[in-house]
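We did not get these values from a lab; they are worked out from the coordinates using the rules stated. Not measured: the values here are computed from a predicted model. Cβ coordinates were reconstructed from backbone atoms using ideal geometry, including for glycine residues, and neighbour counts include every protein chain displayed.
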Amino acid sequence: MNKKIFLFSLAAIVYVAFLFAIVTVFFDQAILLRKHTFYRANVHGKVIALTFDDGPSNEWTPQILDALKEAKVKATFFALGEHVARYPEIARRVIREGHEIGNHSYNHHALIFYKTGELKKEIKDCEKAVQDATGITTRYFRPPKAWLNETEKKIINSMGYVVVLWSLNSKDWVTFDDRYIVRFIVKNVRPGDIILFHDSGGVFGVDGGDRNETVKTLPDLINKLQGMGYKFLTISELLQSNETHEGK
């Protein structure tokens, strides 16, 4: 291959990779996928929901639960079935302390090109893991990375699930500084918002990761939002707070 062509090709690949990284970090793809989902409530009062994806984690979920307990705030945890099966006691603690568990698939594979049977199996396997660990049957589903097409949304609805996305993304998986996350959310929050955080994983996967900035964010963020008059609800409470919701 000609050296100039090789260098041009390499530069193009680097440029595309750079653009992809920038878009991934600073653009929330869920904005494009909200139709026929519950992503934000239409409410008059200052109520919002904190949600956490990808757990439970034996390291980070307990710390997040401690922070929520200290602040007397309830949240919704969209759990992975394989993590629930691995850490059932932590899943039970989530329920025991008054929080809510949602279904986040069994192993976090993107679901957009799944066959119907494969899609249902991902959801049912997670559902079973949550039931075995907690005795709870959840009816709220959040797809990994928000990726679902309209046909898949209809299938999931037919299974008795509400598809739940979010309206405000903390991007905590990027490990932004906690002060930046607090400033961003406080500046952009609106009544009815569903705020996305994570209690496991990081940039390269859903296991391990560093959720230290998430843990550090919560006390200051909750304090500031409560100071602004906001009350924190679970997803089921937020759904019940109005008769219609955006995206439906």
Taking every DSSP beta bridge with both residues inside the chain, roughly what % is antiparallel (nearest 5)?
15
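Apply the Kirkwood formula to segment 176-234: the hydrodynamic radius equals the inverse of the mean of 1/r over all pairs of different alpha-carbon atoms; give it in Å with one decimal.
Details: mean 1/r = 0.0804 Å⁻¹.
Roughly 12.4 Å, rounded to one decimal.
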Using only the Cα atoms of segment 84-185, build the gyration tensor, take square roots of its eigenvalues as a ≥ b ≥ c, and label the shape rounded, prolate or oblate: rounded if a/c is under 1.5, else prolate if a/b is larger than b/c, else oblate.
oblate
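Looking at segment 25-123, which chymotrypsin sites (Phe, Trp or Tyr not before Pro) are in a loop (DSSP not H, G, I, E or B) and have at most 15 other Cβ atoms within 10 Å? Before the final figure, lay out each step's value.
On the way: sites: Phe26, Phe27, Phe38, Tyr39, Phe52, Trp60, Phe77, Phe78, Tyr106, Phe113, Tyr114; in loops: Phe27, Tyr39, Tyr106, Phe113, Tyr114.
Sites meeting the loop and neighbour criteria: Phe27, Phe113.
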Filtered hits (lysines, Cα-Cα < 22 Å from Lys115, offset >= 8 within chain) -> Lys35, Lys124, Lys128, Lys145, Lys153, Lys154
Roughly how large, in nm² to one decimal, is the mean projection of the convex hull of the alpha-carbon atoms in segment 29-124?
7.7
Could you tell me how many degrees, from 0 to 90 and to the nearest 10, lie between the Cα long axis of helix 116-134 and the main elongation axis, the longest principal axis, of the Cα atoms of the chain?
40
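Return the Rg/Rh ratio of the chain with Cα-based radii and a Kirkwood Rh.
On the way: Rg = 18.7 Å, Rh = 18.7 Å.
A ratio of 1.00.
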